[in-house]
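Everything below concerns the one structure shown next.
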Amino acid sequence: MEYATREKCVEIMGQKWKMNGRPAMVMQAGTKKPAASTPGPNSGLSQDERDMRTLFVKGLPFSSTPEDIVELFGCLQARLLKDHSGQSKVFTT
């Protein structure tokens with residue numbers, strides 16, 4: 001999930017989250033270093049600046065959609081990671 005500010009990320013991480021009764025674990029990005037950047041609302045920023053505004057969430061229901069995540073967490077953008085068959089890994093960035 002991407003946010004406009006680092007402060008908003010800190011606020012989100014300080015809360016307890018549930019989606020469809022399941023606890024969702026929210027973590028700060030920063031250890032990922034992709035070969036190519038993904039275009040998005042913060043695409044003009046350096047990778048370190050984007051990482052400070054990016055959170056990972058795991059423990060989401062398989063039925064979760066990016067729209068559900070944006071609505072619940074109030075982020076600018078959500079991407080669901082998928083395995084080789086296209087099945088959601090129930091982990092979002």
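Computed from the C-beta positions of Lys82 and Lys8 and an R0 of 30 Å, the FRET efficiency is 0.70 to the nearest 0.05.
Cross-link partners of Lys82 among aspartates and glutamates, defined as those whose alpha carbon lies under 19 angstrom from its own and excluding same-chain residues fewer than eight positions apart: Glu2, Glu67, Asp68. For the peptides 58-70, 14-26, the ranking by packing is 58-70, 14-26, with the highest mean count of neighbouring Cβ atoms within 10 Å listed first. Note on Lys89 and Asp48: their simple-model spin labels are 2.6 nm apart, each label 7 Å out from Cα toward Cβ.
Every number in this text was worked out from the coordinates using simple rules, so none of it is lab data. Predicted model, so just to flag it, every value in this text is computed and none were measured. Don't worry about glycine lacking a Cβ; one is built from the backbone with ideal geometry, like all the others, and counts go over all protein chains shown.
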